[in-house]
Amino acid sequence: MAGEQLQVLNALDVAKTQWYHFTAIVIAGMGFFTDAYDLFCISLVTKLLGRLYYTQPDSMKPGSLPPNVSAAVNGVAFCGTLAGQLFFGWLGDKLGRKKVYGMTLMVMVLCSVASGLSFGHTPKSVMATLCFFRFWLGFGIGGDYPLSATIMSEYANKKTRGAFIAAVFAMQGFGILAGGMVAIITSAAFKAAYPVPAYQDNAAESTPSQVDFLWRIILMFGALPALLTYYWRMKMPETARYTALVEKNAKRAASDMSKVLQVELEAEPEKIKEKGENKGNDFGLLSKQFLRRHGLHLLGTTSTWFLLDIAFYSQNLFQKDIFSAIGWIPKAETMNAVEEVYRIARAQTLIALCSTVPGYWFTVALIDRIGRFAIQLMGFFFMTVFMFALAIPYDHWTHKDNRIGFVIMYSLTFFFANFGPNATTFVVPAEIFPARLRSTCHGISAASGKAGAIIGAFGFLYAAQSSDPKKTDAGYPPGIGVRNSLLVLGCINFLGVVFTFLVPESKGKSLEEMSKENEEEENTEVGQDNRTVSV
């Protein structure tokens, strides 16, 4: 027989949208704003790092980071993020969401500042210290994924829970936008203060020593929004679901949520005791019971996030081609160092404004109307369609007259990634697992995604190189070419469509209904159909 829902949890499920919901979105969302800023701002300054530390005297072109250094600088934060998602996800279930939430924020603040203070007497030592601090920055960012999603899902009502979790994730779009705007403002200020010639006119003077401060300022600015929300994170009470279902403290759960909801709530310690005596609901992550109930669900959330991030992060491969094609970024030698930062930042800001940000907010508006499953399936489907539409007639798109069409198709793949699996893969793992394993399972799903991101960002950077050794970028071995890389990505997106069928629909259901925490063990095989194979 299904157990009764605790009054405090039922009150959260049926609560009308209130001020505390928006407060929670902002507090959790500012973490994601910072995450996106810190992860993506490095792409704005890698060209500048190449000019500052790797320009060869008498070279016709400005310096660029060697492939191995570029991969390390861009990718080390992803490696840290993967480790942080697993560690802090597990810790969030052991110590509580609130305790760990403050830790992740302080790691992010300290490592953002430290990244900008990277030191050394040689280019190699500067890059090594930068990579060291960015790994630990990524470690802190990784913790924000499972904790922000879990906290928001446990605070939200069941009617608009999807929109609230998606709104937290959508702050990523504003973080990317802010990164571009900070780089535009700082580079414009440096341009005005240090007017210098283009590289082709005077190579030595085109990169003044003062611009070493420019990349450091851009990286360090990421500490500010995180620092501003630290106090409010510490003021948030522990979620009632963790306090009641994991810590078994009915009195504190009722007291905390009475203040938040501004209603009187009964503690109901006898129900907590009854749930504690139900041995069918105390299984661990590696148990047969977990495998039977949630095994396919975890496979669904990990595989779809993994496949999505391969495609999503590999799309950055084509940005430089697109920016050059529509004249946003001239050839490097025709600009000075600061001008190049300005042009790259302007291009990234326009892409974020036109396709990245709108996609996120379409998901927020519609996720509780049409459901997670429909949005994810549609997103993967259209990403597949547009990727094949770019790949099959690839030669057609390389002609100058057709490049605007290429840009439109490329922007649409970004739009349907964000109005699709990029948002839903973050939302669903926070809704379908038991409270005592929720943060851990979200961390595992997110870490799987970051493994895909590492493959997407770096595996395809090598794969997309021309098969002709004479046409590859400096330092790279021959690959399979852009067209074949796009075909592979199209197939990966199609696999995303297939694995989406393992993910249950959670629209309009309580967290306990999805995780079956109120059901006795003998009844777990029977009952509601979550639209996927019974596990």
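To the nearest Å, what is the center-to-center distance of region 405-450 and region 141-205, using C-alpha atoms only?
So the two Cα centres are separated by 18 Å.
Using only the Cα atoms of region 3-45, what do you get for the radius of gyration and for Dmax, in Å?
Expressed in Å, the Cα Rg and Dmax of region 3-45 come to 17.3, 56.
Quick one: angle between helix 438-454 and the longest Cα principal axis of the chain, in degrees between 0 and 90, rounded to 10, please.
20
Using 1/(1 + (r/R0)^6) with R0 = 56 angstrom and r between the beta carbons of ALA188 and LEU291, what's the FRET efficiency to the nearest 0.05? Please report the intermediate quantities before stating the final value.
Details: r = 56 Å, r/R0 = 1.00.
Here the calculated transfer efficiency is 0.50.
Once you've got the Cα coordinates, tell me which of LYS400/LYS450; LYS124/LYS191; LYS16/LYS450; LYS94/LYS509; LYS16/LYS288 are over 31 Å apart.
Correct reply: LYS400/LYS450; LYS16/LYS450; LYS16/LYS288.
Taking the structure as given and computing mean projected area of the Cα convex hull in nm², which label from (1) 31.1; (2) 24.1; (3) 36.3 fits?
Computing mean projected area of the Cα convex hull in nm² and matching it to (1) 31.1; (2) 24.1; (3) 36.3 gives (2).
I'd like the orientation of helix 357-370 relative to the chain: the angle between its Cα long axis and the longest Cα principal axis, in ° from 0 to 90, rounded to 10.
That helix lies at roughly 20 degrees to the long axis.
Normalised by the residues of the chain, what does the relative contact order come to in percent, with Cα pairs under 8 Å and at least six apart?
24
Mean 1/r over all different Cα pairs, inverted: what Kirkwood radius does region 391-447 give, in Å?
Kirkwood radius, region 391-447: 14.0 Å.
Just for the Cα atoms in region 407-497, what are the lengths along the principal axes, largest first, rounded to whole Å?
In descending order, the Cα extents are 56, 28, 19 Å.
Can you compute the helix-only [θ] at 222 nm over the chain? Use -39500 (n - 2.57) per DSSP H run of at least 4 residues, normalise by all residues, nearest 500 deg cm²/dmol.
-22000 deg cm²/dmol
Give the carbon-plus-sulfur fraction of the accessible surface of the chain in %, rounded to a whole number; probe 1.4 Å, heavy atoms of protein chains only.
Carbon-and-sulfur percentage of accessible area, whole number: 66.
When the label point is put 7 Å from the Cα of MET409 along its Cα-to-beta-carbon vector, which residues of region 485-520 have a backbone N closer than 18 Å?
Under 18 Å, as judged by backbone N against the label point of MET409, lie 485-494 of region 485-520.
Please work out the average accessible area per residue across the chain, using the 1.4 Å probe convention, and give it in Å².
Values: 21400 Å² over 535 residues.
I get 40 Å² per residue for the chain.
For region 1-116, what is the convex hull (Cα atoms) projected area averaged across all directions, in square nanometres?
11.7
Rg and Dmax in Å for region 78-136, alpha carbons only: what are they?
That works out to 13.9, 44 Å for Rg and Dmax.
Based on the Kirkwood radius over alpha-carbon pairs, what is the Stokes-Einstein translational diffusion coefficient of region 317-460 at 25 °C with 0.890 mPa s viscosity, in µm²/s?
In µm²/s, the coefficient is 142.
The values are calculated or read from the model by the stated rules, or taken from the named source; none is laboratory data. Just so you know, these numbers come straight off a predicted model, no measurement behind them. Here the Cβ is made from the backbone with ideal geometry for all residues, glycine too, and neighbour counts use every protein chain on show. Surface areas here come from the heavy atoms of the whole protein model, side chains and all, with no ligands, DNA or RNA. Shrake-Rupley method; radii C 1.70, N 1.55, O 1.52, S 1.80 Å.
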